Amino acid sequence: MTLDPIDQRLGAHVGADELLGLAWLVDDSNTVATGAIGHLDAARTTPVRTDTIFRISSMTKPLTAVAASILIEDGVIDPAEPVDRLLPELADRQVLTHPAAEITDTVAARRPITIDDLLTFRLGWGMDFTDFSPKPFDAACAELGLGAGPPTPAEMPPPDTWLARLSMLPLQFQPGERWLYHVGSAILGILIARATGRPLSRFLAERVLDPLGMPDTGFSVAPGKLDRFGPHFVEVDGERVVFDPVDGQWSRPPAFEGGGDGLVSTLADFHRFARMLRGGGELDGTRILSEQSVAALTTNHLTAEQIARGGPEPDGSAGWGYGVGVQLTDRPEGPRAGAYGWAGGLGSTWSNDGPVTGILLTNQMWNSAGPLPVFATFEQLLGERGRRSDGV
């Protein structure tokens with residue numbers, strides 16, 4: 001496979017005005033290919049470059065999980081321990097009698113929330129991918145100002161305030177019962193900050209970003225780098241509108257450093273993170289995690305019943321490790337069993353599939369139907385590269 005077919009196939013989506021711009025990377029251990037297509041701005045005056053800084057949203061989750069895994073190795077936290085010591089706001093939980101119940105219709109939690117529950121998204125709070133119908137719990141979240149979505153980014157309160165508000169609500173499910181998306185990573189970021197006595201951003205920088213050489217990854221974009229940053233777009237009523245401008249939410253340090261969705265990054269930076277995991281926790285002689293910790297992070301922890309009730313993929317083909325989705329079965333034109341990675345709803349995706357790493361970063365968020373079609377094309381490209389590496 002040459003570079004031209006990748007650019008042509010991804011570029012067709014930009015040419016069709018599906019999105020304004022993207023940057024991509026494919027690494028098959030023998031060669032690393034990158035490309036940038038389209039523009040950063042609606043006027044199409046500033047081209048996307050391979051060093052453009054993108055909002056990676058939920059691709060933040062794997063980095064937060066790595067930070068927590070470092071603390072587990074250091075003996076600072078234990079996956080089996082209740083979160084109560086570091087997050088006393090979450091002790092003595094009440095649980096809804098059923099997901100659509102009024103928030104006062106509760107029973108006592110059968111056990112405490114553990115750190116493992118946060119890592120595996122089984123704490124009892126989060127998005128249920130099988131049911132997006134409005135519920136009293138959702139209305140209570142909105143009333144407490146616990147974050148909102150499009151058309152503008154969520155302006156989250158400081159972590160202690162956010163957690164105090166969240167603690168006023170019951171759990172949606174019993175701890176350990178269901179896989180529910182996102183909230184576990186947000187809480188995990190707060191736990192890491194409390195366990196280390198410093199902000200999540202500082203611990204990430206000290207133990208992950210700086211050692212790996214990831215200078216463009218963080219919770220905001222420094223003023224001197226804004227020329228490599230652009231606005232982000234969303235489709236509303238069939239029209240492309242600005243979701244976040246260059247001088248918007250990510251142009252300054254946030255009040256809430258979101259462990260689930262707050263980072264910006266580049267192809268080169270995230271490639272180094274992906275290579276570290278692919279290398280068993282080590283990159284260029286710098287060890288971030290042990291091989292055992294990487295294995296724990298990239299191995300499915302969900303039971304068959306939990307996956308059947310609602311896991312990362314509607315068809316049950318994927319489980320969940322620590323902050324990453326884990327492919328359980330081969331897809332005919334996509335990842336193979338054992339592949340892992342994750343995507344971001346603002347329009348990004350990453351996977352490690354055997355010897356193949358793929359990263360796609362865009363400047364348009366997914367729509368209500370899910371990922372833009374360009375992501376399926378990229379998955380097919382990676383699948384072709386993976387099969388070629390297998391000699392198929």
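The table below lists the values:
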quantity	calculated
Unmet requirement for Thr130, which otherwise passes all of (1) open to solvent by 20 Å² or more (accessible area, probe 1.4 Å); (2) under 30 Å from Arg309 (Cα atoms); (3) of a type in the set (Ser, Thr, Tyr); (4) modelled with pLDDT of 95 or more	(4)
Among (1) open to solvent by 10 Å² or more (accessible area, probe 1.4 Å); (2) over 16 Å from Leu263 (Cα atoms); (3) at pLDDT 95 or above; (4) touching a strand residue (DSSP E or B) at 6+ places or on another chain (Cβ under 9 Å) - the single one Trp179 does not satisfy	(1)
Listing of strands (runs of 3 or more DSSP E) fully contained in the stretch 291-392 that carry 2 or more residues being touching a residue at least 40 places away in the same chain (Cβ under 8 Å)	340-344, 348-353, 356-362
Residue selected from the stretch 323-334 under the condition at pLDDT 90 or above and of a type outside the set (A, V, I, L, M, F, W, C), by the criterion most open to solvent (accessible area, probe 1.4 Å)	Asp330
Filter result (within 23 Å of Ala43 (Cβ to Cβ) and open to solvent by 10 Å² or more (accessible area, probe 1.4 Å)) within the stretch 249-275	Gln249, Trp250, Ser251
Strands (runs of 3 or more DSSP E) enclosed by the stretch 12-127 - at least 1 residues per element that are touching a Lys or Arg at 6+ places or on another chain (Cβ under 7 Å) and either under 30 Å from Val208 (Cα atoms) or open to solvent by less than 10 Å² (accessible area, probe 1.4 Å) (or both)	21-27, 32-38
Some residue of the stretch 143-166 being at pLDDT below 95 and not in a loop (DSSP other than H, G, I, E, B)	yes
Where Trp320 falls short, out of the listed (1) within 28 Å of Ala12 (Cα to Cα); (2) crowded, with 20+ Cβ neighbours inside 10 Å	(1)
Any hit, the stretch 273-280, residues being within 20 Å of Met59 (Cβ to Cβ) and either of a type in the set (Phe, Trp, Tyr) or assigned to a loop (DSSP other than H, G, I, E, B) (or both)	yes
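One line per residue, one yes/no per condition, for (1) of a type in the set (Lys, Arg); (2) farther than 29 Å from Thr120 by Cβ; (3) touching a residue at least 60 places away in the same chain (Cβ under 8 Å):
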{"residue": "Phe203", "(1), (2), (3)": "no, no, yes"}
{"residue": "Asp216", "(1), (2), (3)": "no, yes, yes"}
{"residue": "Ala222", "(1), (2), (3)": "no, yes, no"}
{"residue": "Gly230", "(1), (2), (3)": "no, yes, yes"}
{"residue": "Arg240", "(1), (2), (3)": "yes, yes, yes"}
{"residue": "Asp244", "(1), (2), (3)": "no, yes, yes"}
{"residue": "Glu257", "(1), (2), (3)": "no, no, yes"}
{"residue": "Gly262", "(1), (2), (3)": "no, no, yes"}
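The values are calculated or read from the model by the stated rules, or taken from the named source; none is laboratory data. Bear in mind the structure is a predicted one, so any value in this text is a computation, not a measurement. Note: ideal-geometry Cβ built from the backbone for every residue, glycine included; neighbour counts use all protein chains shown. All accessible areas refer to the heavy atoms of the entire protein, side chains included, with ligands and DNA or RNA removed. Shrake-Rupley method; radii C 1.70, N 1.55, O 1.52, S 1.80 Å.
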